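J.: One structure, pasted below without further comment.
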Amino acid sequence: MRPDSRSGTSPTGFYTPAAMPIEIDIAHVARLARLDLSQDELDGYKTQLGDILDHAAQVQSLEGDPSTESEHPLGFVNAFRPDERRPSLDRDEVLAQAPESRDGFFVVPPAMESE
Amino acid sequence: MNLHELTITEAGARLRSGETTSAELLESTLDRASRTEAQLHAFLNIDRDGASESAAKADADLAEGIDRGPLHGIPLALKDNMCTRGLETTAGSQILAGYVPPYDATVVTRLKEVGAVLLGKTNLDEFAMGSSTENSAYGPSFNPWDIGRVPGGSSGGSAAAVAGGSAFGALGSDTGGSIRQPASLTGIVGMKPTYGTVSRYGLIAFASSLDQIGPLSKNVEDAATILRAIWGHDPLDSTSYSGEYPDVSADLGRDVRGLKVGVVKELAGEGYEPAVEQAVARMVEQLAGEGAEIVELSLPTFDIAMSAYYLIAPAEASANLARFDGIRYGHRVQGATTEALMANTRAEGFGPEVIRRILLGTYALSAGYYDAFYGQAQKVRAAVQEDLASAYESVDVLVSPTSPTVAFSAGERIDDPLAMYLSDICTIPMNLSGDPAISIPIGVDPQSLPIGFQVMAPALGEQVMFRVAAQVEQLAAFTARPVLEEVVQ
């Protein structure tokens with residue numbers, strides 16, 4: 001299997017950027033990723049992502065489909081263990097790491113906005 | 001020779017002959033650290049008390065004839081993305097500042113079982129994302145060979161500690177080259193084992209299908225010693241290999257006569273420093289002189305492996321790092337709702353490279369772009385595996401430079417993510433394939449900066465990989481050491 005020979009290769013192994021424009025709704029992506037970023041930050045990341053994705057688009061130069069799906073290099077599909085009880089982490093020790101906890105629970109603000 | 005300059009094998013021999021004690025070995029590394037940390041910043045946290053206790057225990061055990069093997073009483077360092085019970089573990093991120101894990105990673109448990117003395121936690125690029133250790137939220141590490149240069153990354157703290165003499169060996173993690181590239185840039189040995197052979201339980205996940213823990217050491221034999229202690233099946237890691245493991249020490253002294261060594265054509269050319277290419281070519285000639293058969297091979301998919309990596313790794317990272325939300329552990333920034341709390345916490349707690357990769361991965365996985373980016377990257381990954389499978393029909397191992405350049409200057413690539421990503425162009429294919437690879441120092445460039453040589457082998461091919469690596473080490477006769485001015489803090 002060979003990368004598409006029509007694309008040029010840059011000195012460092014990259015193909016020259018594809019001519020296709022890559023659309024990025026950066027505010028939407030940041031919302032999906034739960035990142036509260038300022039407009040300036042969003043603009044900066046959008047430019048950088050565009051550059052990186054221009055190069056990453058080289059993956060589209062691969063012709064045809066490989067005969068195997070990418071998988072564990074040793075061919076594992078699944079792993080099973082005996083269904084036995086074993087000790088878990090100590091609750092108090094775990095909760096001691098939480099920013100806020102009460103009566104054995106993690107404390108969070110309301111999950112829904114109040115009207 | 002100062003104690004801190006010994007290899008693990010040499011230190012172990014002196015321990016058993018009674019010439020030295022584990023407490024003295026520990027003191028030599030702590031003393032060295034106190035004189036070099038101001039320049040190197042290899043460690044985030046030195047566990048003086050815990051290490052002293054383990055060293056005293058090792059000395060008492062050995063005096064009673066209880067010998068737990070070659071790492072018993074040897075001071076080693078851990079990259080700070082491996083969980084240590086009762087000892088702060090930050091992954092180089094503000095979001096985990098102050099986090100004290102309630103459990104040990106499996107590799108930590110295993111090192112404790114064989115009596116190793118755990119010195120503390122080494123610096124890294126935040127969540128192991130980077131190639132220079134400059135992305136650490138706690139400040140960069142520097143290269144013992146030239147403190148104006150980076151030690152590589154992301155296991156740059158582990159590399160600087162071993163190369164600088166403040167640890168006899170260390171563990172790192174390698175997702176795209178994060179053990180091998182810093183080893184190359186600091187003139188030491190670094191090895192990424194076959195995926196699935198070293199448990200990832202307790203390793204703070206970056207990209208789970210690529211992450212693998214491995215050793216950084218002063219020589220090839222020490223790397224094999226550390227690997228033997230940490231690998232093996234672990235029911236706590238569902239990707240752990242449960243079959244038979246190779247004997248990594250069996251062929252350490254065996255010559256390369258009759259072995260077929262493949263030289264990867266794609267890992268050379270423009271972008272590679274002449275001194276690096278010349279040193280690698282010279283080593284290939286030396287291997288031929290020792291009776292290895294040299295085969296030049298083309299692996300065309302290596303040209304697009306990096307593109308696939310920079311979609312797959314961020315995609316997995318965007319999912320793995322969703323757990324850092326200010327609720328169960330780590331840093332929290334308040335918000336009116338749970339969602340606002342999460343978004344505020346994450347924006348403040350993560351550094352720019354981590355945010356960049358989370359955004360990139362989220363985009364690559366999002367509706368409308370999945371097939372073109374993530375799906376296609378997975379096809380490239382499978383194609384890389386197929387390319388390698390056909391290469392290994394005709395050769396026993398593959399070789400290349402470990403890094404296209406020697407250590408670069410601090411600050412040189414930090415504002416150019418793509419230039420930084422290119423640091424890993426030689427190492428990434430082995431993470432996509434899951435195969436083992438090792439970097440061995442073979443010389444220095446005209447500025448006296450070390451050059452690394454990479455030996456790659458098929459999955460579970462560690463025996464032949466170590467055989468070739470040991471011969472490379474012997475042929476290179478690399479004895480140069482960094483001249484690091486000590487500064488008492």
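What follows is calculated from the coordinates using simple rules that are stated; it is not laboratory data. Worth saying up front: this structure is predicted, and the values here are computed from it rather than measured. Every residue, glycine among them, receives a Cβ derived from its backbone with ideal geometry; neighbour counts consider all protein chains shown.
J.: What does the highest-first list of B:375-382, B:167-174 look like by mean Cβ count within 10 Å?
T.: Highest mean packing first, the order is B:167-174, B:375-382.
J.: Could you tell me what fraction of 2.2 N^0.38 Å the Cα radius of gyration of the stretch B:271-350 comes to, as a two-decimal ratio?
T.: Scaled against compact globular proteins, the figure is 2.05.
J.: Another question, then. How long are the semi-axes of the equivalent ellipsoid of the stretch B:3-259, defined as square roots of 5 times the Cα gyration tensor eigenvalues? Whole Å, largest first.
T.: Those come to 24, 22, 19 Å.
J.: Still on this structure: Lys pairs in the protein assembly as shown, Cα-Cα under 24 Å, at least 8 apart or on separate chains: how many?
T.: 17
J.: Just tell me how shielded B:382-389 is by partners: mean number of partner chain Cβ atoms within 10 Å of each residue's Cβ, no decimals.
T.: The mean count of partner-chain Cβ atoms within 10 Å per residue comes to 5.
J.: Could you work out the per residue convex hull volume over the alpha carbons of the stretch A:42-115, in cubic angstrom?
T.: Each residue corresponds to 318 Å³ of Cα convex hull volume.
J.: Near the amide H of B:Val117, under 5 Å away, which other amide H atoms are found, from residues 5 or more places off or on another chain, if H is placed in the peptide plane?
T.: Those qualifying (amide H under 5 Å, at least 5 residues apart or on another chain) are B:Gly73, B:Ile74, B:Leu76.
J.: Along Cα→Cβ, 7 Å out, is where each label goes; now give me the distance between the ones at A:Leu74 and A:Ser38 in nm to one decimal.
T.: For the pair A:Leu74/A:Ser38, the computed spacing is 4.9 nm.
J.: How would you order B:207-216, B:154-163, A:52-61, B:95-104 from highest to lowest mean count of nearby Cβ atoms within 10 Å?
T.: Packing order, densest peptide first, comes out as B:154-163, B:207-216, A:52-61, B:95-104.
J.: Something else now. With a ≥ b ≥ c taken as the square roots of the eigenvalues of the C-alpha gyration tensor of the stretch B:262-306, please select rounded if a/c is under 1.5 and otherwise prolate if a/b is larger than b/c or oblate if it is not?
T.: In terms of gyration-tensor shape, oblate.
J.: How far apart, in nm, are the 7 Å Cα→Cβ label points at B:Ser17 and B:Asp247?
T.: Result: 2.7 nm between the two label points.
J.: If you take every DSSP beta bridge whose two residues both sit in the protein assembly as shown, what share of them, in percent to the nearest 5, is antiparallel?
T.: Taking every DSSP beta bridge with both residues in the protein assembly as shown, the antiparallel ones total about 65 percent.
J.: Taking 0.36 nm per residue of separation and subtracting the Cα-Cα distance, what length does fully extending B:Ala97 through B:Arg328 add?
T.: Residue separation times 0.36 nm, minus the Cα-Cα distance, leaves 81.8 nm.
J.: With the radius of gyration and the Kirkwood radius both derived from the Cα set of the protein assembly as shown, what is their ratio Rg to Rh?
T.: Result for the protein assembly as shown is an Rg/Rh of 0.96.
J.: Something else now. Roughly how many whole Å is it from the C-alpha centroid of the stretch B:270-312 to that of the stretch B:420-456?
T.: Value for the Cα centre distance between the two parts: 10 Å.
J.: A further question on this structure: Testing the spin-label approximation: label points 7 Å from Cα along Cα→Cβ at B:Glu53 and B:Glu486. State their distance in nm.
T.: For B:Glu53 paired with B:Glu486, the spin-label model returns 2.9 nm.
J.: Please list, in order, the residues from the stretch B:87-130 whose amide nitrogen is less than 14 Å from a point placed 7 Å along the Cα→Cβ vector of B:Ala60.
T.: Answer for the stretch B:87-130: none.
J.: I'd like the FRET efficiency for A:Glu63 and A:Arg86, computed as 1/(1 + (r/R0)^6) with the beta carbon distance as r and R0 of 45 Å, rounded to 0.05.
T.: The calculated FRET efficiency here is 0.35.
J.: Which value at 222 nm does chain B reach when only helices count, each DSSP H run of 4 or more adding -39,500 (n - 2.57), with the total divided by all residues and rounded to the nearest 500 deg cm²/dmol?
T.: It comes out at -11500 deg cm²/dmol, rounded to the nearest 500.
J.: Let me ask something else about it. Can you list the residues, at least 5 places off or on another chain, whose amide H is less than 5 Å from the amide H of B:Val295, using H built in the peptide plane?
T.: B:Val261, B:Gly262, B:Val263
J.: Report the extension gain between B:Glu348 and B:His233 in nm, rounded to one decimal, defined as 0.36 nm multiplied by the number of residues separating them, less their alpha carbon distance.
T.: 37.6 nm
J.: Per residue of A:39-48, count partner chain C-beta atoms within 10 Å of its C-beta, then hand back the mean as an integer.
T.: 2
J.: Can you pull the Kirkwood radius for the stretch B:196-282, inverse mean 1/r over Cα pairs, to one decimal in Å?
T.: 16.3 Å
J.: Taking K and R as +1 and D and E as -1, what net charge do the other residues with C-beta under 12 Å from the C-beta of B:Tyr201 add up to?
T.: Cβ neighbours under 12 Å give a net charge of -2.
J.: Something else now. Computed FRET efficiency, Cβ-Cβ of A:Phe106 and B:Glu290, R0 60 Å: what is it to the nearest 0.05?
T.: 0.45
J.: Residue by residue, what Karplus-based ³J(HN,Hα) values in Hz, rounded to whole numbers, does the stretch B:141-152 have, using 6.51, -1.76 and 1.60 with θ = phi - 60° and x for Gly and Pro?
T.: Result, ordered by residue: 9, 10, 8, x, 6, 6, 6, x, 10, 7, x, x Hz.
J.: Of the peptides B:62-70, B:41-49, B:192-200, how do they stack up when ordered by the mean number of other Cβ atoms within 10 Å, highest first?
T.: B:192-200, B:41-49, B:62-70
J.: To continue, here is another question. Mean separation of Cα pairs under 8 Å and 6+ residues apart, divided by the residue count of the stretch B:3-259: what relative contact order is that in percent?
T.: Rounded, it is 18 percent for the stretch B:3-259.
J.: Using only atoms on other chains, find how many Cβ atoms lie within 10 Å of each Cβ of peptide A:96-102 and report the average.
T.: Counting Cβ atoms of other protein chains within 10 Å of each residue's Cβ and averaging gives 5.
J.: Hey, what did chain B get for relative contact order, percent, Cα under 8 Å, at least 6 apart?
T.: 18 percent
J.: If you build the Cα gyration tensor of chain B and take the root of 5 times each eigenvalue, what three semi-axes come out, in whole angstrom, biggest first?
T.: 30, 30, 21
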